[in-house]
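Structure, as structure tokens:
The values are calculated or read from the model by the stated rules, or taken from the named source; none is laboratory data. Predicted model only: the values in this text are computed from it and were never measured. Using ideal geometry, Cβ is built from the backbone for each residue, glycine included, and neighbour counts are taken over all protein chains shown.
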Amino acid sequence: MADRDDTPKLCPHCQQPTDASANSIAHWVYTCRACRTAKAAAYYLRNRARILEQSDRRYQTHHDEIIAHRRQVRPQQRRAALERYRSYGRKWQQSPAGRAYYQAYLRSPAQHPKVTARRLARYAVSRGQLIRQPCESCGALTAEMHHDSYLEPLTVRWLCPPCHRRVHSS
Ligand SMILES: [Zn+2]
Ligand SMILES: [Zn+2]
Ligand SMILES: [Zn+2]
């Protein structure tokens, strides 16, 4: 029985212990990753003109196929990327830090019903869902929204600033 050869494999280019993949080593290829990248870059630089010309020619002769392939593949890639981002978000939300952040968000003043109601009402005005009105008590043209109840964000009364102040002080 022959001993297993466990002497460290050296990269033939830099003579350092190699970090090639197990699969490469199984095929007696010991070039380390850094040397392989450097070799590929050097090859590209030496043959740049030819490589670019080749890819140009391929693009011209196979134009329709390439475009069809992109049309088919890009939406898939986009969907995959979106799904990846969403999974990052979910992972963050479920992490202790993410949950603490969300709890703080719920407790923050910005989530107060008053603030939320005003935000929703402003948004409804911007969408045309609520229409600006003159002051309901004196008819002044510049009126602001007043909520009788912040639990009904889209139920507002339009009041000019002085009338609005009177409503709040009475
Ligand atoms: Zn090397
Ligand atoms: Zn008010
Ligand atoms: Zn008024």
ARG157 near ligand 2 (Cβ under 10 Å from one of its atoms) and of a type outside the set (Asp, Glu): yes
What residue, of CYS14, CYS35, is surrounded by 12 or more Cβ atoms within 10 Å (Cβ to Cβ), out of contact with any Ser or Thr (no Cβ under 6 Å at 6 or more places or on another chain), more than 30 Å from ARG99 (Cβ to Cβ) and in contact (Cβ under 8 Å) with a residue 24 or more places away in the chain? CYS35
If you go through the stretch 123-145 one residue at a time, do you hit one that is part of a helix (DSSP H, G or I) and either among the charged types (D, E, K, R) or within 14 Å of ligand 3 (Cβ to nearest atom) (or both)? no
Restricting attention to the stretch 109-144, and to residues there that are within 19 Å of PRO161 (Cβ to Cβ) and exposed (fewer than 13 other Cβ atoms within 10 Å of the Cβ), which single residue is nearest to ligand 2 (Cβ to nearest atom)? LYS114
Which of the following residues is part of a helix (DSSP H, G or I), more than 16 Å from ligand 2 (Cβ to nearest atom) and over 30 Å from TYR102 (Cβ atoms): ALA42, ALA20? ALA42
Among the residues of the stretch 61-78, is any within 16 Å of ligand 2 (Cβ to nearest atom), surrounded by 10 or more Cβ atoms within 10 Å (Cβ to Cβ), among the hydrophobic types (A, V, I, L, M, F, W, C) and at pLDDT below 95? no
Condition first: polar (S, T, N, Q) and in a helix (DSSP H, G or I). Now tell me which residues in the stretch 89-117 satisfy that. GLN93, GLN94, GLN103, GLN111, THR116
